[in-house]
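Note sheet for the following structure.
The values are calculated or read from the model by the stated rules, or taken from the named source; none is laboratory data. Nothing here was measured: the structure is a model prediction, and the numbers come from that model. Note that each Cβ is placed from the backbone with ideal geometry, even for glycine, and that neighbours are counted across all protein chains shown.
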Amino acid sequence: MGSEVSKKSFTKEDLERFREAFLDELEFVKELFAKGDSVFSNEYCIGYELEVCILDQNHSPKPINGKILDHIDSPLFTNELAKYDLEINGNVFEIDETTPDKLDEDIKSLW
């Protein structure tokens, strides 16, 4: 991961852009907590994410995650740091006796 970061040193402008992006993310999290019950539930739930490394026939990383994500076109799939990684964000389920089967069905259908 991070193999696509070609720089070893960063300018003040780079650090400022990072700071701004970090503060934007922090503000987003604050907004979620401010919404409280309209976003969060008191129910016990479970979800998952699956990290995927895309390989070619020689088991070398294949940087095609953008192409795959465009084809899938689903908010449950997202890119990772490198172009040969992607992440599957599974659905969330309330925990009960049917949850293991629901998780199994979900991951199989997404895969």
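Has segment 73-80 got any residue that is exposed (fewer than 12 other Cβ atoms within 10 Å of the Cβ) and either touching a residue at least 40 places away in the same chain (Cβ under 8 Å) or in contact with a helix residue (DSSP H, G or I) (Cβ under 9 Å, 6 or more places away or on another chain) (or both)? Walk me through how you get there before you give the answer.
As a first pass, look at segment 73-80 and keep what is exposed (fewer than 12 other Cβ atoms within 10 Å of the Cβ): 73-75.
When the remaining residues are screened for being either touching a residue at least 40 places away in the same chain (Cβ under 8 Å) or in contact with a helix residue (DSSP H, G or I) (Cβ under 9 Å, 6 or more places away or on another chain) (or both), the result is 74.
Yes; the residues of segment 73-80 include at least one that is exposed (fewer than 12 other Cβ atoms within 10 Å of the Cβ) and either touching a residue at least 40 places away in the same chain (Cβ under 8 Å) or in contact with a helix residue (DSSP H, G or I) (Cβ under 9 Å, 6 or more places away or on another chain) (or both).
Within segment 35-43, is there a residue that is surrounded by 12 or more Cβ atoms within 10 Å (Cβ to Cβ) and of a type in the set (K, R)?
Here is the first cut: in segment 35-43, the ones surrounded by 12 or more Cβ atoms within 10 Å (Cβ to Cβ) are none.
The answer is no, given that none of the residues of segment 35-43 is surrounded by 12 or more Cβ atoms within 10 Å (Cβ to Cβ) and of a type in the set (K, R).
I'd like to verify a number: residues in segment 48-63 that are surrounded by 13 or more Cβ atoms within 10 Å (Cβ to Cβ) and more than 12 Å from the chain's Cα centre (by Cα), how many?
Of the residues in that region, 5 qualify.
Name, by its number, the condition in (1) loosely packed, with under 14 Cβ neighbours inside 10 Å; (2) closer than 30 Å to E43 by Cβ that does not hold for G66.
Condition (2) is where G66 drops out.
Pick out the one residue from D104, D73, D14 that is at pLDDT below 95 and over 19 Å from the mean Cα position of the chain (by Cα).
On the way: D104 fails: at pLDDT below 95; D73 fails: over 19 Å from the mean Cα position of the chain (by Cα).
When all the criteria are applied, what remains is D14.
Within segment 74-111, which residues are among the β-branched types (V, I, T) and under 22 Å from S60 (Cβ atoms)?
Kept after step one, since they are among the β-branched types (V, I, T), are these residues of segment 74-111: 78, 88, 92, 95, 98-99, 107.
The one that is among the β-branched types (V, I, T) and under 22 Å from S60 (Cβ atoms): I88.
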